[in-house]
1. Any chance the range B:112-128 includes a residue that's within 14 Å of chain A (Cβ to nearest Cβ) and within 12 Å of the chain's Cα centre (by Cα)?
2. What single numbered condition from (1) closer than 22 Å to residue B:127 by Cα; (2) out of contact with any Asp or Glu (no Cβ under 6 Å at 6 or more places or on another chain); (3) not hydrophobic (A, V, I, L, M, F, W, C) fails to hold for residue B:236?
3. Please enumerate the residues belonging to the range B:69-94 that are at pLDDT 90 or above and within 24 Å of residue A:27 (Cβ to Cβ).
4. Scan the range A:209-223 and give yes if some residue there is touching a residue at least 60 places away in the same chain (Cβ under 8 Å), outside any helix (DSSP H, G or I) and either more than 7 Å from chain B (Cβ to nearest Cβ) or surrounded by fewer than 16 Cβ atoms within 10 Å (Cβ to Cβ) (or both), otherwise no.
5. Do you know which of the residues in the range A:163-208 that are over 30 Å from residue B:208 (Cα atoms), among the aliphatic types (A, V, I, L, M) and touching a residue at least 12 places away in the same chain (Cβ under 8 Å) is nearest to the other protein chains (Cβ to nearest Cβ)?
6. Please find, among A:151, A:228, the residue that is surrounded by fewer than 18 Cβ atoms within 10 Å (Cβ to Cβ) and either touching a residue at least 40 places away in the same chain (Cβ under 8 Å) or not in a loop (DSSP other than H, G, I, E, B) (or both).
7. How many residues are within 14 Å of chain B (Cβ to nearest Cβ), surrounded by fewer than 16 Cβ atoms within 10 Å (Cβ to Cβ) and in a strand (DSSP E or B) when one looks only at the range A:14-59?
8. Looking for something surrounded by 17 or more Cβ atoms within 10 Å (Cβ to Cβ), assigned to a strand (DSSP E or B) and touching an Asp or Glu at 6+ places or on another chain (Cβ under 8 Å) - is there at least one such residue anywhere in the range A:84-92?
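The values are calculated or read from the model by the stated rules, or taken from the named source; none is laboratory data. Small disclaimer: the values here were computed from a predicted structure and weren't measured. When we count neighbours, we look across all protein chains shown, and the Cβ atoms used for this are built from the backbone with ideal geometry, even at glycine.
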Amino acid sequence: MNARCMGVISLSSDLLAREIPIMESLRLSSCDDAVGPWIHRSLWAGDHPKAEPIKDEVREQFPYLDQVTSDNFRTEQILSVRIFCASRGGYIRPHRDWTGSERAFTRLHIPLQTNGEALNSEDDSVYHMGVGEVWYLDGSRPHCGGCFHESPRIHLILDFAPDIPLTELFRDSACISAAPQPTTVNRDPLTSRQLEAIHGLAGIVTEKNLSPTLNLLSLVHFDRQVTSASAYDWLITIAGQSPDPALLSRAKQLKSAYLGPGWS
Amino acid sequence: MNDGGVICTSGTQLVGRLSIDPQRLAPEIKATESFPMDPSVGYGVGSWCKCLVWASKMGPLDTAKSGLAASLPMLMAAIHETFRVEAINHLQIFSIKGRGFILPHRDWVPARPLHTRLHIPLQTNEQCLHAEEASVFHMSEGEAWVVDASLTHSAANFSEANRIHVVVDFDPEVPVHELFRVPGNCESAPFESIDRPKPTSDSLDAIYGLAEIASARNFQRIADMLATVHYDRQVNCAAMYDWLSEIAHRSDEAKLVDLAAVLQRRYLGPFDF
């Protein structure tokens, strides 16, 4: 997989402990592509190279996050800074962030609070990010992330201008220590019976439940050794068995919307 | 409630109409978009959310003075004209901004009703449906429906357009016709459930086949998907909890059996209140 842990930054558990309860209590925004409790809040925004901290009372409650950002990273290259919270099965549908050959941004994830059921995926790999680890995510590959635990997973997410080499995103090389061995999740292969059960959903699929069906299929890869993009192919197979031709068309639209036209 | 395609004469009923001009109400419907909505995560799927506009503890329901109610002057005036506002406990906005639904649930048990609940659609369309036990029906704009929330019920918006209801909770001790300022305006009317085909053996095979892929990570999403089946098939909306239990047992995962029981208890009771 292209996602990789670039190293670990030093985080103060005492200072984080002051701000995390505030993050958990915030009324955050939901995302159109998210399922369940998957919410976010912008802390920095603006047009590059003028992105700057948002001057509002919410961001001002997070002086330590500001410090983590400015102490470790080249803030002049930042496009946005956000916190993403997920819990209780909240996740984002498998997607690609851009479809062309040119990167739209360079995204780093830094978990501030996590648990063993906070998982991310790229293609057919599933992995876990530890607190303080700085992860580069390749938005050109199908990827997905979620938290299947009651306790919220909170990530600080920084988007940088796309043309800056990864090593130059840090204020200096002393900011980051060596990357640990990544925690990948081994899963059993998908069996023929399981595939049959998935395709069998044609017996109940309708226009009304096509979207909830995709929401279910999008999670199968966290338990079985398949790529997250399979969800869309399964949905197309299922919809193709429906007497309603609009369903197949909608399933194809969903695949194109999330993975880009022509993705196979 | 009876089977689909027949007249339903108990539980939820259409009891009257609110005199509101949808066009003149448009600015107030727009105003609700900026209300601080509670997504009620865990119960709703998609954009289902709600907002408390007024509660009796806030003082008299005065449209002009304060709070969110002040931004709904025409609606408040229509409610004042139609109902005995002194019997109102709460007034909420329930919104589904585009596609979304709420899982089949009960809000209280028959022996201890918390409110008499009226739904009045302000903005809706034919793809916005309600279910109560085995019945599925549509509430039109301006209609006032008593919803028996002690029965298992659910609601959905299967369109891209917004669905907005004002939900008025009254003192449950007051008879329904006495909720109206003019009791004669209460027109208790039965309604016809939308007819749907019965589930086939293929559909049940598809549902129980989910035991093959069920896990703790996707069990809630299985519940979400099953929560839509009754809108297409002639089954009680509560059947999804039996299906979940069967799926869990067939999966041989004790954790899923527990999860199925937890979900059923959370949505159908018994409740602690």
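1. Within the range B:112-128 (the criterion being within 14 Å of chain A (Cβ to nearest Cβ) and within 12 Å of the chain's Cα centre (by Cα)), the answer is yes, since at least one residue qualifies.
2. (2)
3. Within the range B:69-94, the first condition is being at pLDDT 90 or above, and the residues that meet it are B:71-94.
Matches in the range B:69-94: B:71, B:72, B:90, B:91, B:92, B:93, B:94.
4. Filtering the range A:209-223 down to residues touching a residue at least 60 places away in the same chain (Cβ under 8 Å) leaves A:214-215, A:218-219, A:221-222.
Among the residues that remain, those that are also outside any helix (DSSP H, G or I) are: A:218-219.
When the remaining residues are screened for being either more than 7 Å from chain B (Cβ to nearest Cβ) or surrounded by fewer than 16 Cβ atoms within 10 Å (Cβ to Cβ) (or both), the result is A:218.
Yes, the range A:209-223 has at least one match.
5. Among those that are over 30 Å from residue B:208 (Cα atoms), among the aliphatic types (A, V, I, L, M) and touching a residue at least 12 places away in the same chain (Cβ under 8 Å), it is A:179.
6. Details: A:228 fails: surrounded by fewer than 18 Cβ atoms within 10 Å (Cβ to Cβ).
None of the others qualify; the one that does is A:151.
7. 1
8. Going through the range A:84-92, the residues surrounded by 17 or more Cβ atoms within 10 Å (Cβ to Cβ) turn out to be A:84-92.
Among the residues that remain, those that are also assigned to a strand (DSSP E or B) are: A:84-86, A:90-92.
Next, from what is left, pick out any that are touching an Asp or Glu at 6+ places or on another chain (Cβ under 8 Å): A:85, A:92.
Within the range A:84-92 (the criterion being surrounded by 17 or more Cβ atoms within 10 Å (Cβ to Cβ), assigned to a strand (DSSP E or B) and touching an Asp or Glu at 6+ places or on another chain (Cβ under 8 Å)), the answer is yes, since at least one residue qualifies.
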